[in-house]
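Quick notes on the structure that follows.
The values are calculated or read from the model by the stated rules, or taken from the named source; none is laboratory data. Bear in mind the structure is a predicted one, so any value in this text is a computation, not a measurement. When we count neighbours, we look across all protein chains shown, and the Cβ atoms used for this are built from the backbone with ideal geometry, even at glycine.
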């Protein structure tokens with residue numbers, strides 16, 4: 001029996017914890033919210049909770065005594081500290097977040113100690129890598145050559161919970177959602193590198209209709225070019241990794257950025273309507289909706305203004321904060337209006353297109369679609385698709401199925417084959433069609 005330490009007790013932790021316990025492993029949940037950790041263990045005899053100060057390396061290190069592997073489900077800034085402690089203890093490490101430069105710098109040390117430091121094994125990044133690589137390798141095995149990859153993922157409300165004009169509800173950090181547009185992006189289109197600065201990512205979304213699901217749009221997410229090399233590809237026409245939202249999202253966020261709601265600048269506004277007038281350069285008695293319409297060059301009845309009004313940005317309600325920033329007030333409104341109600345389900349969609357030419361140079365496209373729904377009054381789709389891949393990967397490292405060492409991501413056949421197979425046992429699978 002192996003011992004696993006899970007750092008963190010956020011909402012994605014429960015599926016990982018339960019999957020590891022079901023496998024017969026001893027489990028230690030290291031968290032600063034022990035009561036939450038105990039609820040996740042639900043009295044299981046092989047699990048216990050211990051308090052940890054994740055800001056202190058010695059505290060993290062001490063929690064790893066006797067462990068064989070650690071999973072960090074903490075905020076991104078703590079992963080390196082857990083990984084460093086794993087190096088000191090000589091144990092394996094798993095996380096769902098992107099590989100940072102600092103994490104990558106641990107590769108040779110981890111490899112020399114015979115340790116697997118597996119990153120990017122959640123949903124996005126994670127399942128998206130694995131499903132794409134399974135298709136890419138199948139094309140190569142048949143003598144074909146991949147010419148393009150388009151991969152998008154969205155955590156969204158399920159159809160019956162999609163009851164607001166933004167078509168979105170928050171299943172992770174509200175501030176993280178608000179700040180996501182600040183990330184610049186680059187990708188390949190028609191063989192050319194396209195660079196999009198902060199909030200430019202919302203300027204030219206791709207419309208996408210998915211049968212039975214609705215109309216969506218996608219926009220770029222970070223640096224897609226890195227994955228040309230990670231996926232072992234070259235001479236591509238396109239490489240695009242992005243986020244998926246219901247139609248209208250990009251128009252809304254482009255407007256919020258243009259108005260200045262996403263900036264960490266102070267405001268003396270006493271009400272949300274005051275802030276709207278301030279950002280639109282209007283006088284105190286003006287209608288905040290009309291002022292915003294004039295600033296954006298829109299007709300007063302434009303649907304975009306309906307979204308901003310529904311969000312509460314034109315309300316004459318006092319903000320209730322002493323020294324707020326513009327971003328603080330936007331996040332406060334989002335927190336109130338974009339939450340899932342009790343029992344509502346979320347939905348995670350992962351859609352991938354792989355373009356290729358076969359051995360005879362004839363063009364083809366393979367399309368992959370995965371849709372996962374949350375469980376009413378249970379685990380969300382986001383929690384399952386992030387937490388379960390990490391747990392499956394951890395089990396496969398511990399049983400010797402995964403032998404790759406050093407800092408890595410799940411783009412290798414020995415990793416994605418076993419993890420995707422395990423996920424299918426939980427009902428998480430893709431549907432594929434080809435043309």
Can you tell me which of 420, 369, 398 is touching a helix residue (DSSP H, G or I) at 6+ places or on another chain (Cβ under 6 Å) and at negative phi? 420
Among the residues of region 12-40, which ones are under 19 Å from residue 68 (Cβ atoms), in contact with a helix residue (DSSP H, G or I) (Cβ under 7 Å, 6 or more places away or on another chain) and at pLDDT 95 or above? 13, 16, 17, 19, 20, 27, 29
Residue 432 meets each of (1) more than 22 Å from residue 98 (Cα to Cα); (2) buried (at least 18 other Cβ atoms within 10 Å of the Cβ) with one exception, condition (2)
Only one of (1) buried (at least 21 other Cβ atoms within 10 Å of the Cβ); (2) in contact with a strand residue (DSSP E or B) (Cβ under 6 Å, 6 or more places away or on another chain) does not apply to residue 38, and that is (1)
For region 203-245, how many residues are assigned to a strand (DSSP E or B), within 19 Å of the chain's Cα centre (by Cα) and surrounded by fewer than 18 Cβ atoms within 10 Å (Cβ to Cβ)? 1
Every residue from region 11-29 that is assigned to a loop (DSSP other than H, G, I, E, B) and either crowded, with 24+ Cβ neighbours inside 10 Å or free of Cβ contacts under 8 Å to residues at least 40 places away in the same chain (or both): 12, 24
Taking residue 421, is it closer than 24 Å to residue 3 by Cβ, more than 20 Å from the chain's Cα centre (by Cα), loosely packed, with under 14 Cβ neighbours inside 10 Å and at pLDDT 95 or above? no
Testing residue 86 on (1) assigned to a helix (DSSP H, G or I); (2) touching a strand residue (DSSP E or B) at 6+ places or on another chain (Cβ under 8 Å); (3) touching a residue at least 60 places away in the same chain (Cβ under 8 Å), one condition comes back false. Which one is that? (3)
Selected residue [free of Cβ contacts under 8 Å to residues at least 24 places away in the same chain and under 24 Å from residue 28 (Cβ atoms)] from 387, 400, 425: 400
Can you work out which of the residues in region 99-124 that are assigned to a loop (DSSP other than H, G, I, E, B), touching a residue at least 12 places away in the same chain (Cβ under 8 Å) and out of contact with any helix residue (DSSP H, G or I) (no Cβ under 8 Å at 6 or more places or on another chain) is surrounded by the fewest Cβ atoms within 10 Å (Cβ to Cβ)? 114
